[in-house]
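For reference, the structure discussed in these notes is given below.
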Amino acid sequence: MYCLLGNIAFEPIDLTEFSETHGANFAEHQVLEGKPRLQAMGEQLIELSFALRLHYKIGGVESRYQALLKAQSQQQALALIWGRGKYKGNFVITSITSTTLYTDARGNALCRELKIQLKEFVGDPQQSLLGEALNLGGKSLLGSILPESVTNALSEVKSAVNKGVEIYQQGKRLVNEAQNTLAIAKQMVNDPSLALAYLPSALNSLGGALGGFGEVTGMGGIFEGIAEVLPAVSGFVQEVGEIYSDVSQVYQEVNQVVSSAKQDWHRLFDSTETHFNQINHRFEVIAPKVAEMTAWIVIRADEEDDDTTNLT
């Protein structure tokens, strides 16, 4: 691993350019004669600039790109770590520029070029970067300017569908993270100790995915009652259950290698690649249902807004 930004890993082959800017502030005081005098006012925040290329053969393209966008949109302060534990500091993403170089036949990005601007964050990374001014009297100032229908008018049915979709999408992202991590480990197979170091992270992602998919399957009774209103949920839980079984197989095989004194790397990567192909196929099969459920949530929200705002 070359560097880790938050939980997003980059390898040396990913980065094509890196620059770092340091600065200091000085106050300039005019004098009657001669040149002005300078007074040191402190350091400027460090600014970093990355140029990198994400390729599907090295790791997940879309999952890492979306993780970066999410971190930027949520104004997250991310720890930046070099190599094997050199802590650089906390940074926020100020801008992301993406160029898609080529895609597959379905429009999925197989290679992206990214330019990322980071700025040093000094303070408590656990505190919201939006600031205390947006949380007056224990209530969100942003929430107070939104229509009441947007924040309150959520039916139980819509909430259940929304919850199921969100949990499923989170599980899918974790599966992608695990697949990316194992792809990196495969590149390190000539250094078994380094390859082995990546497996706990893959197990953590797989375990999180199993927890999410298991929760969705536990909502089967709820979705049965919703099927009359939203036919797309029919079979959704069953298909998620099949994904759960495949992910469970991958988890067991990776865990066996971690626990074993002797690792059969070729068997592990061949087997997990087969399982991931099956899982990705199931993701494609279930995608139309998830898209319809998501669209229904949006339409339902619009209807609730209209019903509330049109009251006289």
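Determine the pairs where a residue that is closer than 21 Å to Arg64 by Cα, located within the stretch 100-128, has a partner that is surrounded by 14 or more Cβ atoms within 10 Å (Cβ to Cβ) and at pLDDT below 80 with Cβ atoms under 6 Å apart, the partner being 6 or more residues away or on another chain.
Pairs that qualify, where the first residue is closer than 21 Å to Arg64 by Cα and the partner is surrounded by 14 or more Cβ atoms within 10 Å (Cβ to Cβ) and at pLDDT below 80, are Leu110/Tyr56.
Do we have any residue at all in the stretch 258-275 that's in contact (Cβ under 8 Å) with a residue 60 or more places away in the chain and within 30 Å of Ala160 (Cα to Cα)?
Checked against the condition, which is being in contact (Cβ under 8 Å) with a residue 60 or more places away in the chain and within 30 Å of Ala160 (Cα to Cα), the stretch 258-275 yields no hits at all.
Can you name the condition, by its number, that Glu28 falls short on among (1) surrounded by 11 or more Cβ atoms within 10 Å (Cβ to Cβ); (2) free of Cβ contacts under 8 Å to residues at least 24 places away in the same chain; (3) among the acidic types (Asp, Glu)?
Going through (1) surrounded by 11 or more Cβ atoms within 10 Å (Cβ to Cβ); (2) free of Cβ contacts under 8 Å to residues at least 24 places away in the same chain; (3) among the acidic types (Asp, Glu) one by one, Glu28 breaks only (1).
Does Glu62 count as of a type in the set (Asp, Glu), at pLDDT below 90, closer than 23 Å to Ile184 by Cβ and in contact with a helix residue (DSSP H, G or I) (Cβ under 9 Å, 6 or more places away or on another chain)?
It is true that Glu62 is of a type in the set (Asp, Glu), at pLDDT below 90, closer than 23 Å to Ile184 by Cβ and in contact with a helix residue (DSSP H, G or I) (Cβ under 9 Å, 6 or more places away or on another chain).
Can you name every residue in the stretch 217-237 that is part of a helix (DSSP H, G or I) and not hydrophobic (A, V, I, L, M, F, W, C)?
Result: Thr217, Gly220, Gly221, Glu224, Gly225, Pro231.
Which residues, counting only those in the stretch 232-259, are at pLDDT 90 or above, within 14 Å of Glu215 (Cα to Cα) and of a type in the set (Phe, Trp, Tyr)?
Within the stretch 232-259, Tyr244 is the sole residue that qualifies.
Name the single residue that is surrounded by the most Cβ atoms within 10 Å (Cβ to Cβ) among those in the stretch 187-206 being of a type outside the set (A, V, I, L, M) and closer than 14 Å to Val258 by Cα.
Going through the qualifying residues, I end up with Tyr198.
Scanning the stretch 260-282 for residues that are of a type in the set (Ser, Thr, Tyr) and surrounded by fewer than 16 Cβ atoms within 10 Å (Cβ to Cβ), which turns out farthest from Ala209 (Cα to Cα)?
Ser260
The values are calculated or read from the model by the stated rules, or taken from the named source; none is laboratory data. Just so we're clear, the structure is a prediction, and the values are computed from it rather than from any experiment. Don't worry about glycine lacking a Cβ; one is built from the backbone with ideal geometry, like all the others, and counts go over all protein chains shown.
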